[in-house]
1. Give me the net charge for the shell around residue 13: Cβ to Cβ below 11 angstrom, other residues only, Lys and Arg +1, Asp and Glu -1.
2. For the chain, give the magnitude of the charge dipole about the Cα centre (Cβ charges: +1 Lys/Arg, -1 Asp/Glu; no others), in debye to the nearest 20.
3. Taking amide H positions as placed 1.01 Å from N in the peptide plane, with prolines and chain starts having none, which residues 5 or more places from residue 25, or on another chain, fall under 5 Å of its amide H?
4. Quick one: P(r) of the chain from all Cα-Cα pairs, 10 Å bins, percents rounded to integers, in order of increasing distance.
5. Can you sort 14, 64, 38 by 1.4 Å-probe accessible area, starting with the largest?
6. Measure off 7 Å from each Cα along the Cα-to-Cβ vector at residue 65 and residue 31, then give the distance between these two points in nanometres to one decimal.
7. Could you derive backbone 3J(HN,Hα) for region 44-61 from the dihedral phi with the Karplus parameters 6.51, -1.76 and 1.60 (θ = phi - 60°), listing whole Hz in sequence and x where the residue is Gly or Pro?
8. Quick one: 3J(HN,Hα) in Hz for region 23-33, Karplus 6.51/-1.76/1.60 with θ = phi - 60°, rounded, Gly and Pro as x.
Amino acid sequence: MKFEDLKPGLPVRIADGHKSGFGGRGGIVLDAGTFQLISGEHRSGALVDIGEARLVIEAEDLEIVELPPPDPGWEEFNI
């Protein structure tokens, strides 16, 4: 995936075998840019919420996925 394609709200999947240990997990892009990690390292990519942790993942390690529609009677909204 290209860095330019990363947009907040985009559903993505982390590449299998990713060095974070979360390969194969799906999540939502919260933001894209260059982030300073706790270690002081700067990393460009997407801030991805996978429901447990928020990770900074490089664009080339992400792919866009289709989310299934919600069950009848349920709606999706941002809080």
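1. Details: positive: 25; negative: 16, 61, 63, 66.
So the surrounding residues net to -3.
2. On the way: 7 positive and 15 negative charges, 53 e Å.
For this selection, approximately 260 debye.
3. Residues meeting the amide H criterion: 14.
4. Percent of pairs per bin, in order: 18, 50, 24, 6, 1.
5. Values: 14 0, 64 95, 38 180 Å².
Descending order: 38, 64, 14.
6. 2.4 nm
7. Values per residue, Gly and Pro as x: 8, x, 10, 8, 10, 9, 10, x, 10, 9, 10, 10, 9, 10, 5, 4, 5, 9 Hz.
8. x, x, 7, x, x, 10, 6, 8, 6, 10, x
The values are calculated or read from the model by the stated rules, or taken from the named source; none is laboratory data. Everything numeric here is computed off the predicted structure, so don't read it as measured data. Note: ideal-geometry Cβ built from the backbone for every residue, glycine included; neighbour counts use all protein chains shown. Just so you know, the surface numbers come from the protein's heavy atoms only, side chains and all, with ligands and any DNA or RNA stripped out. Shrake-Rupley method; radii C 1.70, N 1.55, O 1.52, S 1.80 Å.
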